[in-house]
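Below is one structure, written out as structure tokens; the observations come after it.
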Amino acid sequence: MGAARRLLNIPDLFNYWLTGVAKSETTIASTTQFFDPRTMNWSGEMLQRLGLPGEILGELVPPGTLLGKMLEPPYTPVYATAGTIRRRPWRRYRRQAAKTGVTSVRGRGR
């Protein structure tokens, strides 16, 4: 724990990756044992008992809080077309075909 600067739950970590803002949302924080629902804040007593620094847990925000603008992705997005599967009546065509945006595979007829 000595090297850690911030402890984030998984949903809060995704928010951090998307916005660059490290805050903890209260409904997610309530699933930890560090949250005190009576005060709606981190439990200083629990952190003290475990020997954890209080500053490792971020600021609590209510659900639906706008954290900031979305960061630009550090990569170039790659777009793919969704594949489609077509199944024709066996008696009429006697073959099945699966077609994707890249390749086409056809079943054997009789």
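The values are calculated or read from the model by the stated rules, or taken from the named source; none is laboratory data. Computed from a predicted structure; not experimentally measured. So basically every Cβ, Gly included, is an ideal-geometry build from the backbone, and we count neighbours across all protein chains shown.
Numerical summary
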item: Hits in segment 39-48 (condition: surrounded by 11 or more Cβ atoms within 10 Å (Cβ to Cβ) and in a loop (DSSP other than H, G, I, E, B)); result: 40, 43
item: Filter result (farther than 14 Å from residue 68 by Cβ and of a type outside the set (D, E, K, R)) within segment 1-25; result: 1, 2, 3, 4, 7, 8, 9, 10, 11, 13, 24
item: Hey, residue 39 among the polar types (S, T, N, Q) and at pLDDT below 85 or not; result: no
item: Residues satisfying the stated conditions in segment 49-68, i.e. among the hydrophobic types (A, V, I, L, M, F, W, C), surrounded by 10 or more Cβ atoms within 10 Å (Cβ to Cβ) and closer than 13 Å to residue 12 by Cα; result: 57, 60, 61, 67
